[in-house]
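To start, the structure under review is shown below, and the notes come after it.
Readers should treat all values here as calculations from the given coordinates under stated rules, not as data from a laboratory. Note that the structure is a prediction, hence the values are computed from the model and not measured. Cβ coordinates were reconstructed from backbone atoms using ideal geometry, including for glycine residues, and neighbour counts include every protein chain displayed.
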Amino acid sequence: MTTTCGYCGVGCRLETHVRGGRIASITPALDGPANLGHTCLKGRFAHGFTRSPDRLTTPLIRAEGELRPASWGEAIARIVAELERIKRDHGADAVAGLASSRATNEDCYAMQRLIRAAVGTNNIDNCSRVCHSPTSFAMRKSFGLSGATGSFADLDAAEVALLLGVNPTQGHPVVGARIKQAALRGCKLITIDPRRIELADYGAIHLAPRPGTNAAVVLGLCHVVRRDGLVDEGFVAARTEGYEALSELLESYDPAAVEEITGIAADELEAAAHLYAEAASGSLLWGLGVTEHKYGSEVVQLLCNLALMTGKVGKPGSALLPLRGQNNVQGSSDMGALPDTYTAYRSVEDEGVALSFEAEWGVPLSRHKGMKIPEMFDAAIAGELKAMYIFGEDVAQTDPDIAHVAAALEGLEFLVCQEIFLNETTKYADVVLPASAFLEKEGTFTNAERRFQVVEPALDPPGEAKTDFEIITTVARALGHEMGWGTPWDALDEIARLTPEYAGVSRERLGRGGLQWPVRADGSDSPTLYDAFFDRPGGRGHFAPLPYKPPGDAADDEYPLVLVTGRVLQHYNAGTMTRRTANAELVDRDLLEIHPEDAARLWISDGDRVSVRSRVGRTEIEARITERIEPGHVFTSFHFPETRTNLLIGQSADVNTSCPEYKVVAVDVRPIAEQPAFSPALGSTT
Ligand code: SF4
């Protein structure tokens, strides 16, 4: 059976081989357009979790403080009774739902329909809120559509690739390998990251800015492009608007001024600007090292400025490629699992769009925007939000300021979790529904290059677990809303019927290679966007004149180091799946990377257990001394719940999208022996 990987947003096509009801092996599909016959060790080997003895195999209902096995009938009756009670007493807006970026497009579409049509509120969101919502916001502002402007194949044609705040060999390994191959063929790499990432060893230039100063770096690059006559004047005149205001702003960002802010030597910045701008083709890649900042969405707009100034968009080799984290973080938002938009980012306030969904679903729909995830937690603490239905997201481990999240979950009157394993969030659940992994379901995922790809089941869900699609449609029916679909393919047909951007998508047309949206009614798709015009009124790309502003947190005397968080190759996000495979034998814990100078000053040896304390919390972790990290910075992954990395993250968030600022956290690090017996911060969070 051929399916699509359920780990990261590369979207590798996989061949699954089953024996005796278990996955015997997985091999790469040789014709997968995103992977070309490759996979990483997660997609290929990390499948044993599907038959882990920990899998949830029966519904659970909380009784006398304990989660106890129950029948599906009891679980659904409890959900219906509680949601109807809360709606009756407090209104539909006292309920909220989260869709899962690990699930299929059809699951996410069903989930937003459940919340909008069966419950009656726009309080629906998904975890793109905490990763790439700034990318979506910015690309819509600058270019018009929320997605990569090209394809991974553009990397094969690029003369230069500039990577800002992204570490593909760890987070998106098959794309990382493709970039290595491109570099070996002559593509010049510019890597910009506080850590010396692996691809820096293959690159022409590596710049290591202070965390939180990305905006100044990009403004400095644009300054040099303008100052040294490298602007593509013809492209700017014919295809863009707003250049004058940006040009004026750039005056202030000469390389010396940028060096003051970022720590990047002026001559290195100039060399990077020339290398990118003078190339005939150049691609830009970024990740959470850009977006998870207070001004992350503005930095993405600035990257769009750089591409527009140099005419490097809409042509082969010149793509803007935000590398999406979870396998379907693009699709979950495309499907309207957002509080302000239906499918393809069309506003809930747009009367024509709302009427089209009302006609299809046969119910009146709210015209008011719902709550984003952080607003849901604030409302729960304030007593205004009474119930949540959380599908495939462990918010109590992965969201920032987890003490705050815990308080919110405790404050709810009713919580449903739909999951494959018990986790930190299910500790607060009243009902837990046993769901399916990606190897047990059918539908589609949309990868980081906007490609719809088919997902096919290799296994049945274990025990009494059901597919997410069956669970959601069953709950909706019990709440009185019949969705009228037999299979996920019926839902895909509805999505295509209601969404012009996906009009030509169907199971048959997707075939083995998928289709990149927009997909027109005749089935033709769009590997490259904006080759002739941008998807904005007037068809022009928009320059955003946005100045550098400092991050929400900064080192000081009490918290002298800056913590950056990220991923390692062997594990995925909260590690729920990969920690239950042999990958855990390769990496069995999170480590705190620290530069030798800082380690020596703090009397820390390699392997020491250290305390890491931020303004909001404290945790403990093992130190790893390495020169990959710059002095003054420390780095850790967040794959192991016992590390509780997100206890350290505060409430600072992107100004436009509320994406948390995971990437700049001032911390105090010291050997455990120097810690007092009781820490107020630790005490307040346990
Ligand atoms: Fe799966 Fe991403 Fe690895 Fe490909 S690169 S196999 S999509 S985790």
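Numbers below:
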read-out: Cα-based Rg / Dmax (Å) for segment 167-317; value: 14.9, 41
read-out: Full-stretch length increase - Ala600, Ala77 - with 0.36 nm per residue and alpha-carbon distance subtracted; value: 182.3 nm
read-out: Cα-based Rg and Dmax for segment 402-474, where Dmax is the largest Cα-Cα distance (Å); value: 15.2, 40
read-out: Simple spin-label estimate for Thr57 and Glu360 in nanometres, 7 Å along Cα-Cβ; value: 3.8 nm
read-out: Convex hull of the chain built on C-alpha atoms - directionally averaged projected area, nm²; value: 28.1 nm²
read-out: Simple Cβ-charge dipole of segment 221-296, Lys/Arg +1 and Asp/Glu -1, about Cα centre, in debye nearest 20; value: 300 debye
read-out: Ranked Arg22, Arg113, Arg628, criterion: other C-beta atoms within 10 Å, fewest first; value: Arg22, Arg628, Arg113
read-out: Estimated FRET transfer efficiency when R0 is 25 angstrom, pair Ala280-Arg520 (beta carbons, to 0.05); value: 0.25
read-out: Summed side-chain charge close to Lys315 - residues other than Lys315 whose Cβ falls under 13 Å, Lys, Arg +1, Asp, Glu -1; value: -2
read-out: Exposure proxy order (Cβ contacts within 10 Å, fewest to most) of Asp334, Asp598, Asp460, Asp193; value: Asp460, Asp598, Asp193, Asp334
read-out: Given charges at beta-carbon only (K, R positive; D, E negative), |dipole| of the chain in Debye; value: 1260 debye
read-out: Cα-based shape type of segment 1-121, given that a ≥ b ≥ c are square roots of the gyration tensor eigenvalues and the cut on a/c is 1.5; value: oblate
read-out: Residue among Ile261, Val217, Phe235 farthest towards the positive dipole end of segment 213-278, charges placed on Cβ; value: Phe235
read-out: Added length on full extension, which subtracts the Cα-Cα distance from 0.36 nm per residue, Ala407 to Asp156; value: 85.5 nm
read-out: Positive-end residue of Gly538, Leu308, Gly443, charge dipole of the chain with Cβ unit charges; value: Gly443
read-out: Surface/4 of the Cα convex hull for segment 294-392, nm²; value: 9.8 nm²
read-out: Euclidean distance between Cα centres, segment 570-634 to segment 25-91, Å; value: 30 Å
read-out: Rel. contact order, % - alpha carbon contacts under 8 angstrom, at least six apart, the chain; value: 20 percent
read-out: Per-residue Cβ neighbour rank within 10 angstrom, fewest leading, Ile23, Ile471; value: Ile23, Ile471
read-out: Euclidean distance between Cα centres, segment 290-345 to segment 230-244, Å; value: 21 Å
read-out: Peptides ranked, highest mean first, by Cβ atoms within 10 Å: ranges 66-78, 524-536, 335-347, 267-279; value: 335-347, 267-279, 524-536, 66-78
read-out: Difference of contour (0.36 nm per residue) and Cα-Cα distance, His17 to Asp531; value: 181.0 nm
read-out: Spin-label pair Ala265/Lys427, simplified geometry with 7 Å Cα→Cβ offset, distance in nm; value: 4.9 nm
read-out: Leading residue at positive end of dipole, the chain (Cβ point charges), from Met139, Thr467, Ile672; value: Thr467
read-out: Equivalent-ellipsoid semi-axes of segment 212-300, from the Cα gyration tensor, Å, largest first; value: 20, 16, 14
read-out: Debye, to nearest 20: dipole size of segment 129-222, +1 on Lys, Arg Cβ, -1 on Asp, Glu Cβ; value: 260 debye
read-out: Cα→Cβ-extended label distance, 7 Å offset, between His90 and Asp490, nm; value: 3.3 nm
